[in-house]
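The next block holds one structure in the form of structure tokens; read it before the comments.
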Amino acid sequence: MDSPDAAPYRQHGGGRNMVTVTFHGVRGSSPVCGPDTVRYGGNTSCVALESPGRRPVVLDLGTGLRSFGTPWLGRDGVPLDLLALVTHLHWDHIQGLPFFPPLFNPRSHVELLGPVQESGSFEDGMRDAVRPPMFPVTFDDFPGTFSFRDMGDTDVEIDGWHIRSRLVPHLGPTLGYRVEADGRSVAYISDHQQTLDGPFMVPDAVHELADGADVLIHDAQYTEADLVHKEHWGHCTPDFARFIARECGAGTLVLHHHDPSRTDSELDALTCEGSAIGGETVGREGLRIDL
């Protein structure tokens, strides 16, 4: 669905080689629901990239993944071949996978890329998360199929998508991604521990991902007041995200990974605070950006 406010963020005007970026989940930590979160949405991180003639890509597998996959329920017998880029294995980034409707089609396939773990492979970590007693079934119980690929500081080309992953500061092995196709680029840094001592700094890995990106989707979970009690919880403020965007020359900054306690009105206020920053928006479910 095209957001009514999406038009200002269309940068290339569409066409055969267009890359479409659609936000299906923008929350961090936990999904939420209720009257105070209806406009920005309550699902956790999931952003889809689509381009004609290529496999679709999803960035993270939060609860927003279910809404991305729901249209396939109405496509009688149509399978989905999906490329999934996982930043890390915290629940809010993988919780949607077992509820992904296309997995009930035996011809569907999901290729998962994600970070090598401190004590095993990415596949080991994923299989540990989706099995009894944490979940009633395993990956092998789904009709659809899976494959896994370990990523670190890696560059790969898959189906015309150039994918760069870099380890970024967070809690546990965590990747940021840069995805490029036909000269369009999207950087995705959903969880990022901001500089705490001294002036803000851009880690080299983050610069490699965000440098000149058409769209930078960046963690902006905490307020300055939050950081007083959560400074080492692995996230950052909108001001730090804006600093990263300016230093890296990114085109459009999308503030992402909103705290579950943040209301629609509080997220509206972020737009006002950032009004002097060119090319900025607050991520919300249904937002679509055409590159």
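If only the Cβ of Lys and Arg carry +1 and only the Cβ of Asp and Glu carry -1, the dipole of the chain around its Cα centre is close to 780 debye. Peptides 111-119, 88-96 ranked from most to least packed give 88-96, 111-119, packing being the mean of other C-beta atoms within 10 angstrom over each peptide's residues.
Note down the relative contact order for region 177-291 as a percent, whole number, built from C-alpha pairs under 8 angstrom at least six residues apart. Can you show the working numbers first?
Working: 183 pairs, mean separation 29.2, N = 115.
Once normalised by length, the contact order is 25 percent.
As a length-normalised measure over Cα pairs under 8 Å and 6 or more apart, the relative contact order of region 36-102 settles at 36 percent.
By the gyration tensor of its Cα atoms, with a ≥ b ≥ c the square roots of the eigenvalues, what is the shape of region 32-160: rounded for a/c under 1.5, prolate for a/b over b/c, or oblate? Rounded, since a/c falls under 1.5. Calculated from the structure, Cα extents along the principal axes in Å equals which of (i) 91, 59, 37; (ii) 53, 37, 37; (iii) 50, 44, 41? Among (i) 91, 59, 37; (ii) 53, 37, 37; (iii) 50, 44, 41, the one derived from this structure is (iii).
Exposure check, 1.4 Å probe, all protein chains in place: ARG149 carries approximately 80 Å² of accessible surface.
Ranking ASN105, VAL282, GLY25 by Cα position along the charge dipole of the chain, where only Lys, Arg, Asp and Glu carry charges on their C-beta atoms, puts ASN105 farthest toward the positive end. To the nearest ten degrees, helix 264-273 and the longest principal axis of the Cα atoms of the chain are 50 degrees apart. Once a ≥ b ≥ c are taken as the square roots of the eigenvalues of the Cα gyration tensor of region 19-102, is the result rounded (a/c under 1.5), prolate (a/b larger than b/c) or oblate (a/b not larger than b/c)? It comes out prolate by the Cα gyration axes. Using θ = phi - 60° in the Karplus curve 6.51 cos²θ - 1.76 cosθ + 1.60, the 3J(HN,Hα) couplings for region 45-59 round to 3, 6, 10, 9, 10, 9, 8, x, x, 10, 4, x, 10, 10, 9 Hz; x is entered for Gly and Pro. When the charge dipole of the chain is built from unit charges on Cβ atoms (+1 for Lys and Arg, -1 for Asp and Glu) and taken about the Cα centre, the candidate among PRO71, TYR222, MET134 whose Cα reaches farthest toward its positive end is PRO71.
Would you mind classifying region 185-258 by shape? Square roots of the alpha carbon gyration tensor eigenvalues, ordered a ≥ b ≥ c; an a/c under 1.5 is rounded, otherwise it is prolate if a/b is larger than b/c and oblate if not.
Working: a/c = 2.14, a/b = 1.61, b/c = 1.33.
The shape class here is prolate.
For the chain, the relative contact order is 21 percent, taking Cα pairs closer than 8 Å that sit 6 or more residues apart in sequence and dividing their mean separation by the residue count. Backbone amide hydrogens, once placed in the peptide plane, bring LEU253 within less than 5 Å of LEU216, GLU280, THR281, excluding anything fewer than 5 places away on its chain. Protection proxy ranking of 156-165, 192-201, by the mean of other Cβ atoms within 10 Å over each peptide's residues and highest first, is 156-165, 192-201.
The values are calculated or read from the model by the stated rules, or taken from the named source; none is laboratory data. None of the values given here were measured: they were computed from a predicted structure. Counting neighbours? That spans all protein chains shown, and the Cβs are built from the backbone with ideal geometry, glycine included. Ligands, DNA and RNA are stripped out before the accessible areas are found, and what is left, the full protein with its side chains, is counted by its heavy atoms. Shrake-Rupley method; radii C 1.70, N 1.55, O 1.52, S 1.80 Å.
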